[in-house]
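Note sheet for the following structure.
Rule-based calculations on the coordinates, nothing more; no lab input. Quick caveat, the model's predicted, so the values are computed rather than measured. Every residue, glycine as well, gets a Cβ built from its backbone with ideal geometry; the counts of neighbours run over all protein chains shown.
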Amino acid sequence: MRVIYRGIEIQDCRTQSLEVTPDYDSLSGIDFMRTRVRLVVSGIINPASTAYNAAGFSPGTRAGLTIINIRQALMTPQGFLQVYFGPDLIFGVPSPDPATGQPYPVDAKNGPLPHSGCSVVEGDFMGERTIIARWGVDFWIMGASNIILSNRWSCTHHVNRNGMTTRTLRGVAVMRAEAVQQGIAANGIDSIDDFRAALIVGQPLNFRRDFVDATCSEDGTELRYTVVDKEVGNSIAGNNSVQVFYLDGNASAGFDLQLKTYNDAIDRVTGFALGMKSALMGADIGAVVGTVESFLSSIIPRFRGRAMCRVEGGRNVRRVDLAVLASEICIDRSLGGFPTSLYFTQSLNADDGQSCEARMEWMPTITQAFGIAQGRLTPNNYMKLDNDYVRDKASLAWLNSGRHTHTNLPNSLGTRGSYVQSMAIQALSDPQKAPPEVPGEAAVEDRNSMQ
């Protein structure tokens, strides 16, 4: 066997150990990602033996100087490794880049990684010339052209007493290390996190993406993510310029009558009669008007409606658009009632993102008032109760439309997403292209309340 590492050739060596094992994904244990090889060889370093050839040194150098000269090179990771059985090359890592023919900077898992350096493992120094040393290395090789090696996730549903579902996704995605290293050099790809929008499944219709926690490994090859989607009564979508992620508020409307009992009614009628008698006897027009006004105020119901709506948006949304949306929802709840007050509140807390709140009071239309007076006490006489909001003036996409339909990534290539594979290949093969957008998918962000 011949072993060449970083240009240092070790001859007259024997194999101590050669382990070839499959490397599966850590989450499911069923995605075959790459092959792990552990090689340990021993060699005799002696002037009469060809122990190494490198950098001006030749076989025959004393054992001590040989160890000094080659130790640093043999212990430094991520060098080019070749292993021959006779004339046949059986391992050559890192593998060559098809575009240039030159080896990638690293292998499929940031190797090769020497694991024991150059050390004495058996026997003694025989004088000053002979020593028996052992060198071991771990490296990973690919059996296919996959760039995304695995993307596996688990899904948990929690359904509350109202039938609303909270969905939690926990997943791990793995990318070839040499693809990341090559991407950094050529195409501006920093890590597997650049493909997060494609790796994470989109939320279902009428679900709000409550949060996304994503942790990328130090070497940029592994992404661990947790995604929580919560079902909502309505899902708000956004057009290209406006994204509305969250809506909260309440509305109340009804009437109030000062007459609570029949005795109250008798008292009001008696007081009205006595007041009118006194005003007429004194020929006091002002007293007559005041008596009538007081009596009518006591017997006519007081109609009132109130609504509050808070709308939160994405990083680039204009607060004026959020304010228009909030006020339109309040007006929609009034069933055409006449607004008597309208206030806007904007958040000035930098941690809250873009948000605006509208508060409105209104009185009902004459038709509503007469309907209530005639005993038609149905809720829709006071305010609109369904979720079919009118479209607002800002041309925002509206409730019940959803962000997008729930489309699972297809299964192929040993992963749960073939589109990711083709996307990565495209990004790595064309230096002018950044990772492309996923068709029909919204970009995933670290913190927002809708995705």
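For the reader, a short list of remarks on this structure follows.
- A cut-off of 5 Å between modelled amide H atoms, ignoring neighbours fewer than 5 places along the same chain, links Val212 with Asn448.
- Using R0 = 45 Å, the C-beta based FRET efficiency linking Thr226 and Phe80 works out to 0.70.
- The modelled label-to-label distance between Val159 and Arg38, using points 7 Å beyond Cα along the C-beta direction, is 4.8 nm.
- Packing rank of 198-211, 298-311, where each peptide gets the mean count of other beta carbons within 10 Å, highest leading: 198-211, 298-311
- Cα gyration tensor category, rounded, prolate or oblate, for the range 217-334 with a/c compared to 1.5: prolate
- Each other residue within a Cβ distance under 11 Å of Gly254 adds +1 if Lys or Arg and -1 if Asp or Glu, for a net charge of +2.
- Going from the fewest other Cβ atoms within 10 Å to the most, the residues Cys13, Cys356 appear in the order Cys13, Cys356.
- Label point distance in nm, Leu342-Thr100, each placed 7 Å from Cα along Cα→Cβ: 6.2 nm
- In Hz, Karplus ³J(HN,Hα) per residue of the range 254-265 (6.51, -1.76, 1.60; θ = phi - 60°; x = Gly, Pro): x, 9, 9, 10, 5, 7, 9, 9, 5, 4, 4, 5
- Sorted peptide list for 214-226, 256-268, criterion being average Cβ within 10 angstrom, highest first: 214-226, 256-268
- Order by protection proxy (mean Cβ within 10 Å, highest first), peptides 175-181, 340-346, 107-113: 175-181, 107-113, 340-346
- Cα gyration tensor shape of the range 274-366, rounded if a/c is under 1.5, else prolate or oblate by comparing a/b with b/c: prolate
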